[in-house]
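S.K.: To start, I am sharing the structure in question, which I have written as structure tokens.
Nothing in this text is a laboratory measurement; each read-out follows from the coordinates by a stated rule. Predicted model, so just to flag it, every value in this text is computed and none were measured. Heads up, the Cβs are rebuilt from the backbone with ideal geometry, glycines too, and the neighbour counts pull from every protein chain shown.
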Amino acid sequence: MTDTKTPAEPQQAQDDNGLSHRQIMTILYGLMAGMFLAALDQTIVSTAIRTISDDLHGLSQQAWATTAYLITSTVATPLYGKLSDLYGRRPFYLAAITIFVLGSALCTFSTSMYELAGFRALQGLGAGGLMSLAFAIIGDIVAPRERARYQGYFLAVFGTSSVLGPLVGGFFAGQDTILGIAGWRWVFLVNVPVGVVALIVVAKVLHIPHTRRPHRVDWWGAALLTLGVVPLLIVAEQGREWGWGSNTAATCYVIGIVGVVSWVLVERRMGDDALIPMRLFGDRIFSLASLIGVIFGMAMFGGFMLIPQYFQIVKGSSPTEAGLLMIPVMAGMMGSSIVSGQLTSKTGRYKIFPILGTGIAAVAMGLFSLFVDADTPIVTTSLFMVLLGIGLGQCMQTLILVVQNAVPPRDMGVATSAATFFRQMGATAGTAVFLSVLFSNVSEEIAKAFTRDVGTPSFQAALNDPGVLADPANGPVIEMVRNPNPGGAQGSGVLSDSSFISNLDPRLAAPFKEGFSEAMQLVFLIASCVMFVAFVLVFFIKEVPLRTMSGLQAKAAAEAEDQATATTPAGSSTKPTPAPTPGAAPATSAPPASPQSPTPPATGSAEQQARRAAGRRWPEN
């Protein structure tokens, strides 16, 4: 009797995407090392930025350090995605880590906020590939429906960095010197050993198959995208100082618009070789998800960046304490992300989660704007933070999943990086605009608070207290009250260095804290409104079934189908071979699919070949 068994499978049990669980986990170790590096840096810097800007005498210039990092990481993101689609993910992931580590080392030598911004820009060039390429590689090896099975590992990385980052950043920022180096400089220096370890791990374990295809590199697209994006983001940050209608701002508007229009024309001409192929925007799901990503990133980062500053400036917390106080929002994000991921895996439904997430986040930010002020208990603020985290956690992974599920597998890298790019665009613009709104209004709000508080018995008692008068730390405020400056200039000094607030008598410090909290309330209100726009737009996303094939499997299926079509003689039938009758010899064209992984009828032959191709030992490129 003829043997009808399929060819022998590899010794390890194969996952649904053709790679064994062990192979997937080996790749994940490398990805998690790189993602830990980027996630740790974000939490460390956000906690320590106030101390850094105070030491470098540029609190109001801190937006340059943040915006420079976001600009370069944003512009670099689509380039990483496109090049990795063409040449493979591994070399560019290694390059991203190397550039990030180099930028981190240079940040430790900064002597001004502008110099720090320059080194942070270099650091951002590396960061642009760390997150986007990690998500693209996950899309390559894990099917969208099964991604929740491995999502917990990434959440563990984010959770660990979320806890360690604020603690480490707060510890370093709170030290005057460590081994003869200013404490805050270790915030960047610590990335070097972590990055070296990540580089070694990634070089050792990140080996995934890749097939090169004919291409042109869209360098003109990259240059024009940079020309269009950078001036617009710079004017968003500097508009309050230059004047939104000034000649300098107008020049940035013109250059940015010309750059964006030129970029679109070049991308249309480049076709499939474009940095972000314009045909992707013909897909309604991709276009709408990209727009939502911009709005979501603007609201999320624009509001999120202010919470550590609220704790340090208004509540008088140390950087370490501020880091610990950020745990509730991280816990909310992790918990909601795990639950939404598991439910998506079980049900295949995902649209409900960004709807709930954006709605809850909008409500949470609205609560911040209404009820969080200088006297709000920490417990109340923490509850609002948990609510905010629950909302954000349901959106971050799901919006990327929507994009990956909507595009052809060959565009996995460019689509994932495009989704990250648009979210970063929103984040950069949101951070710049919201910080500009904050510092444009804080002086006026502090002046109002002084006018309101100066006549209170508590404030007058402080002005007549001999101990308060004898303390030199209180001298500038006492002089400010006795000889007020016109135009609300009472709060102008706090824009360059807010550290003096913690040294003031609490009664004299109250107007500064009230002014800051009231200026922040306006920012949270704007962020809530922006998030509500995202909430409305999510309803228009069409929910389509999640694919059950990974990117690698789908690519192999497409290649096998193309090969079969190319080798089929003209005029021959392409219908599937009918099932043999009992006792007859089996067909030799292809073995039957494994009963553990049934094949959909529409793609049976190609998918069977894809499973066998993906199951073979993958090259160590």
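S.K.: Tell me, in nm to one decimal, what length is gained between THR347 and ASN464 on full extension, where the rule is 0.36 nm per residue of separation less the Cα-Cα distance?
M.R.: Result for the pair: 35.3 nm of gain on full extension.
S.K.: Place the peptides 292-305, 28-41, 501-514 in order of packing, highest mean first, counting for every residue the other Cβ atoms within 10 Å and averaging per peptide. Before the final figure, lay out the partial values.
M.R.: On the way: 292-305: 25.7, 28-41: 23.9, 501-514: 19.7.
Ranking the peptides 292-305, 28-41, 501-514 by packing returns 292-305, 28-41, 501-514.
S.K.: Could you tell me which of rounded, prolate or oblate describes the range 219-274, using a ≥ b ≥ c as the square roots of the eigenvalues of the alpha-carbon gyration tensor, with rounded for a/c under 1.5 and, failing that, prolate when a/b is larger than b/c and oblate otherwise?
M.R.: The shape class here is prolate.
S.K.: If a paramagnetic tag sat 7 Å from the Cα of LYS315 along the Cα-Cβ line, which residues of the range 331-375 would have the backbone N under 15 Å from that point?
M.R.: Label zone hits: 331-332, 368-369, 371-375.
S.K.: At R0 = 30 Å, how high is the FRET efficiency between PHE371 and VAL339 if r is their beta carbon distance? Nearest 0.05 is fine. Walk me through the numbers before you get to the answer.
M.R.: On the way: r = 27 Å, r/R0 = 0.89.
That pair, PHE371 with VAL339, gives E of 0.65.
S.K.: What FRET efficiency comes out for SER287 versus SER112 if R0 is 35 angstrom and r is the Cβ-Cβ distance? Round to the nearest 0.05. Spell out each step's value before the answer.
M.R.: Values: r = 42 Å, r/R0 = 1.19.
In this case the efficiency is close to 0.25.
S.K.: Hey, fewest Cβ within 10 Å first, where do TRP242, TRP263 land in order? Please report the intermediate quantities before stating the final value.
M.R.: Working: TRP242 17, TRP263 24.
Listed from fewest to most nearby Cβ atoms, that is TRP242, TRP263.
S.K.: Right, another one. Under 5 Å between amide H atoms, partner at least 5 residues away or on a different chain: which partners does ILE178 have, H built in plane at 1.01 Å?
M.R.: Answer set, sorted by chain and number: GLY183.
S.K.: Right, here's the next one. Note down the net charge around THR420, summing +1 for each Lys or Arg and -1 for each Asp or Glu among other residues with Cβ under 15 Å from its Cβ.
M.R.: Working: positive: LYS82, ARG89, ARG423; negative: ASP85, ASP411.
Cβ neighbours under 15 Å give a net charge of +1.
S.K.: Between THR26 and ARG269, what is the FRET efficiency for a Förster distance of 56 Å, r being their Cβ-Cβ separation, to the nearest 0.05? List each step's numbers first, then the result.
M.R.: Values: r = 41 Å, r/R0 = 0.73.
E(calc), rounded to 0.05, equals 0.85.
S.K.: Ranked highest first by average number of other Cβ atoms within 10 Å, how do 97-106, 422-431, 264-273, 395-404 line up? Intermediate results must be reported in sequence, preceding the final value.
M.R.: Details: 97-106: 21.5, 422-431: 26.5, 264-273: 15.5, 395-404: 24.9.
In descending order of packing, they fall as 422-431, 395-404, 97-106, 264-273.
S.K.: Note down the nm distance, to one decimal, between modelled labels 7 Å out along Cα→Cβ at GLU543 and at VAL197.
M.R.: About 4.1 nm separates the two model spin labels.
S.K.: Mind grabbing the base-10 log of I(q)/I(0) for the range 240-384 at q = 0.09, 0.19, 0.20 Å⁻¹? Debye formula, identical points on the C-alpha positions, no solvent, two decimal places.
M.R.: -0.50, -1.14, -1.18
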